[in-house]
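Before any comments, here is the structure.
The values are calculated or read from the model by the stated rules, or taken from the named source; none is laboratory data. Everything numeric in this text was worked out from a predicted model, so none of it was measured. No Cβ is skipped: glycine too gets one built from the backbone with ideal geometry, and neighbour counts run over all protein chains shown.
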Amino acid sequence: MKLYSILLLSSLSLFSCSEDALETESVFVDKTVDKNDLDNYIENTFTKDYNIAIVYKFVEAESDLNYNLSPADYESSVRMTKLLYHLGIEPYDKVTGSKAFINSYFPKLLNYIGSPAYRNNGTFVLGTAEGGTKITLYALNSLDESSAADPDFLNDFYFHTMHHEFAHILHQTRDYPSAFNQIIGAGYVADSWSDIYDDRQDLATVISEGFISAYASKEANEDFVETYSFYITLSPAQWEQRLSAGSVAGRNKIEAKLDIVRTYFMNVWNIDLDELRDEILTRQASLPDFDQLSLK
C-alpha cells in the first residue's frame with residue numbers, strides 16, 4: 001500500500017510538470033578559463049610535443065590526503081617548469097636524438113605541491129610516481145632565485161627525485177637483470193632503512209654496506225633507481241668523493257651495480273649514461289645564466 005502511494009504521487013508530479021516550458025539553452029555550459037603565460041608555456045612546450053600535462057594549481061583529487069599539504073606558488077611553479085625542461089627533458093632528447101623517448105615513456109601528468117610531505121618518522125617525501133603515468137614533486141616553495149641556480153639544491157630536492165621516479169617507470173616497463181639483486185642479496189632492510197642508515201650523518205656506513213644512499217637499502221628496485229639517479233646528477237668528482245667515504249668492499253658492490261645499470265640503459269634504451277651525465281652537468285654549469293622566469 002505504501003509503495004502504491006509513492007508511485008501515485010510520482011505520477012501526479014510527473015503530470016503536473018508536463019506543461020512547463022523547456023529552456024532552449026542547456027544549463028551544462030563549459031566555462032571559459034583564461035590562460036596565463038605559464039598555462040600557454042606548458043601547452044606549447046610540454047603538451048604539444050610530449051603530451052605532458054602539468055598541474056600547478058592545487059587539485060585535491062591529485063594530492064595525497066595522507067599528508068598536510070600546501071599549494072605551490074605561481075613564481076615557484078614557473079621556475080620549476082623552466083628548470084624541468086632544461087634539466088629533466090631536453091637532456092634525454094639530446095642523447096636519444098629525438099623527442100620520441102620522452103613522449104613514449106615519461107609520465108603524462110606532473111603535479112606540483114608547495115610543501116614537503118612529512119612522514120610520522122620525521123622523514124619527508126620529495127617525489128612520488130604512480131603507475132607510470134604521474135610524478136608528484138613536493139617542496140616547490142623552497143625554490144627561489146638563489147636555490148634555482150644551485151645544482152646541489154636542485155638535485156637534492158627535485159631532480160634526483162625526478163630521475164629516480166622516471167627510472168622506476170623504465171624498469172617497470174622492461175626489467176633489469178636479476179644479477180643486480182644478487183649483489184646485496186638479503187642485505188635490504190625494507191622500511192627500517194631510515195632507522196638503520198643516515199647518509200647525512202654517517203655516509204661511511206652507508207657506502208661500506210654497498211649502498212649509494214640510505215634509501216637504496218630499502219629494496220632492490222629503490223637501489224637500482226638510486227644508483228642511476230645519483231650517477232647522472234653528480235659530477236665525476238662528487239661521485240668519487242661519495243664512494244671514497246666508505247670501505248673498498250662497499251665501493252666494489254656499488255660499482256658492480258653501476259655496471260649493470262649502465263649496461264641495462266645502453267642495451268634496453270640505447271642511452272649512454274656517461275653521455276647523459278655530461279649533458280646534465282653542462283646544463284647545470286649554465287644555471288647562473290639561465291633565465292628562470294621568462295615564458296616568452
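Scanning region 178-222 for residues that are at pLDDT 95 or above, in a loop (DSSP other than H, G, I, E, B) and in contact with a Ser or Thr (Cβ under 8 Å, 6 or more places away or on another chain), we see that the one that is farthest from Lys134 (Cα to Cα) is Glu209. If I go through region 163-220 residue by residue, how many of them are over 21 Å from Asn267 (Cβ atoms), free of Cβ contacts under 8 Å to residues at least 60 places away in the same chain and hydroxyl-bearing (Ser, Thr, Tyr)? Total satisfying the criteria: 8. Only a single item in (1) exposed (fewer than 11 other Cβ atoms within 10 Å of the Cβ); (2) at pLDDT 90 or above; (3) over 23 Å from Met162 (Cα atoms) is not met by Lys48, and it is number (3).
Do you know which residues across region 156-177 are in a helix (DSSP H, G or I) and of a type in the set (Phe, Trp, Tyr)? Even if it seems obvious, please write down each step before you answer.
As a first pass, look at region 156-177 and keep what is in a helix (DSSP H, G or I): 156-173.
Hits for region 156-177 are Phe157, Tyr158, Phe159, Phe166.
Scanning region 91-105 turns up at least one residue that is of a type outside the set (S, T, N, Q), under 23 Å from Lys296 (Cα atoms), outside any helix (DSSP H, G or I) and modelled with pLDDT of 60 or more. Checked against (1) aliphatic (A, V, I, L, M); (2) over 30 Å from Thr173 (Cβ atoms); (3) not in a loop (DSSP other than H, G, I, E, B), Ala245 passes all but a single condition, namely (3). Note on region 266-289: residues that are free of Cβ contacts under 8 Å to residues at least 40 places away in the same chain and within 16 Å of Thr227 (Cβ to Cβ) amount to 2.
Can you confirm whether Ser63 is farther than 23 Å from Arg277 by Cβ, at pLDDT 70 or above and surrounded by 14 or more Cβ atoms within 10 Å (Cβ to Cβ)? So Ser63 does not fit the description; no.
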